[in-house]
Each structure stands twice: as structure tokens, then as C-alpha cells.
């Protein structure tokens, strides 16, 4: 999509038009994808990281960044440093205008998506490991609330909060503020059935602020039991607990349904997760997004006892 002629400096490529058409400016037309790459490199600090953020290869990022810089006569807009790329003064001056264009294009994209009545496409959800795991297991048709056949669900890890305005996700499932949530997932302590698993499986030191990690730490301090494993994901915890490495906190919908695990505690109120569905206002009436929201609501209602650990 060619946009942003107003961002370009004079002196770019001149094109000769037929005499029957009005003369065009000598400024080189600008591609939105080049602007998007420029902003990603500025935000991420390297071509490699920008490529990961945009789902593009590093050579593609380099080519598009060079095209963007060429629009302004060729001078680099970044200082190339050993630790990465840093905007220089010329690049800094372009950020406000580029972000204004980004806002306008993304607004058009969101409203275009919302205008389509067709239940066909991909809906991208930003969710934590616990909630994403629950949604994943409910795609198999084992529930009475199927996802419409034309929709493909895409789940992305929410440890880095997705920016809904930039279409990093179409919607998010969060258990952070507001004060109370629409949905509820309980957690409890589990061990391998019959195992003498006194030590704990918990999160890494970098994740010590997680509520489950804080709760486990209080148990360790109160009982003197050791830590058998620190691991950064729920899947790692599940595998360690299943193998008999130690005891640990799992969502009840995971632990109660696992034949090798037994629950050692009731659901723990302090670490239960309440969830909200968050969606950008431009997308809330999109047929596909609305269908996924309705599907998520139906799943949580249908699976209420499983999620609450009612056994």
C-alpha cells in the first residue's frame, strides 16, 4: 500500500508520466510496509528483533529499511552500534509522523475487519499459558460449544502484553485488573499419585513475583521443604510433577483430569485467576471476533465446575 507522500523529502526518484496526466511530484512514493519496518526497528533496537516482531526475515527487514532510508535521500536514520541500531537525530524527527500514519492505517484495518459479515478468517488471542491451554483443549469437539468452522484460532503468549491498537492481537484474555473478572480458573497443589513428593516444583527467580510462586515460597518458608525444580512454564511443572520430581501448583482443569496425579489441597483462593476478555472497540462488532468471544463465554460457562476444581 503506497502511503505517506507527505513524509517524503524532495529529491527522490523522478518518474515521467504521459502528457495527458497531471505531473507527479518527484518525491518517491512510500510503502506502508517500509514505514512499519522503520517503526519496528526503532522499537526493537535490531533488525533481527524487528523481524521476529513482524514475522519477516532479517534480509527482508534490511531491504525494506534501506528502501525507507532511500526515500529520504539515503542518509542512515540509525546509528549502527555493536549492541544494535539506535535512532539518530534524523530518525527521531520522523517518529511522530510515522506513528500518526501507523494509527491511521491500523484504524482502517480494524474497521475493515469489523465490516466483514463473513465467519471466515483467523482470530488472534493473546492469553497466558493457563487460559491458552484451556482454550486449546476445547478445540477438539469434546465440548458442546464448538468454534465456528470457518474461524482459525491463533493463540499467542501474553508474557509480553499484546498491543491491541497495533493489531498484535485481535483480543486478549487477561487476569490482571479490572477489579473483578468475568471468568474463573482455580489452582491447587498436585503430586504424582502415591509418590513421596515433599519437595516443591515452582517458578524461576525471575518469576518470583507471580502469585503462585509467592504462595509456594510461603509454604517453603513455613515448612522448610526444599525446592526440587525451578522452571519457567506450566508444561515443565506438569512434566516434573507427573514424573514424581516434586509437588506443585497446577490449574485444576489440568491436574484433576490427569490419571497420574492426585490433588493434595482444595482450590487455593489466593492464586485463583479471574479473567476478562479485552477487545479493541473497533473490532468488538467484527463477526469473527464476536463469534470467538461468544465461544469463549460458552466454554467458561459449560466448564465452570471443571475450572473451579469442583470434584
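Side notes on the structure shown:
- Candidates 191, 174 - the one that is surrounded by 13 or more Cβ atoms within 10 Å (Cβ to Cβ), modelled with pLDDT of 90 or more and touching a strand residue (DSSP E or B) at 6+ places or on another chain (Cβ under 8 Å): 191
- Within this structure, residue 62 fails the test of being in the same structural domain as residue 33 (by TED's automatic domain parsing) and out of contact with any helix residue (DSSP H, G or I) (no Cβ under 7 Å at 6 or more places or on another chain).
- Condition check for residue 246: touching a helix residue (DSSP H, G or I) at 6+ places or on another chain (Cβ under 6 Å) and either more than 16 Å from residue 135 (Cβ to Cβ) or crowded, with 16+ Cβ neighbours inside 10 Å (or both): no
- Every residue from segment 136-154 that is surrounded by fewer than 19 Cβ atoms within 10 Å (Cβ to Cβ) and either touching a strand residue (DSSP E or B) at 6+ places or on another chain (Cβ under 8 Å) or at pLDDT 80 or above (or both): 136, 137, 139, 145, 146, 148, 149, 150, 151, 152, 153, 154
- Of all residues in segment 87-105, those that are assigned by TED's automatic domain parsing to the domain that holds residue 71 have Cβ atoms under 8 Å from Cβ atoms of residues that are part of a helix (DSSP H, G or I) and surrounded by fewer than 15 Cβ atoms within 10 Å (Cβ to Cβ), 6 or more apart or on another chain, in 97/6.
- Subset of segment 121-135 [under 15 Å from residue 287 (Cβ atoms) and either touching a helix residue (DSSP H, G or I) at 6+ places or on another chain (Cβ under 7 Å) or surrounded by 13 or more Cβ atoms within 10 Å (Cβ to Cβ) (or both)]: 121, 123
- Top-ranked residue of segment 42-74 - restricted to ones that are in contact with a strand residue (DSSP E or B) (Cβ under 6 Å, 6 or more places away or on another chain) and part of a helix (DSSP H, G or I), ranked as surrounded by the most Cβ atoms within 10 Å (Cβ to Cβ): 71
- Tally of residues being in a helix (DSSP H, G or I) and surrounded by 15 or more Cβ atoms within 10 Å (Cβ to Cβ) across segment 271-311: 16
The values are calculated or read from the model by the stated rules, or taken from the named source; none is laboratory data. Just so it is clear, the model here is predicted, and its values are computed rather than measured. No Cβ is skipped: glycine too gets one built from the backbone with ideal geometry, and neighbour counts run over all protein chains shown.
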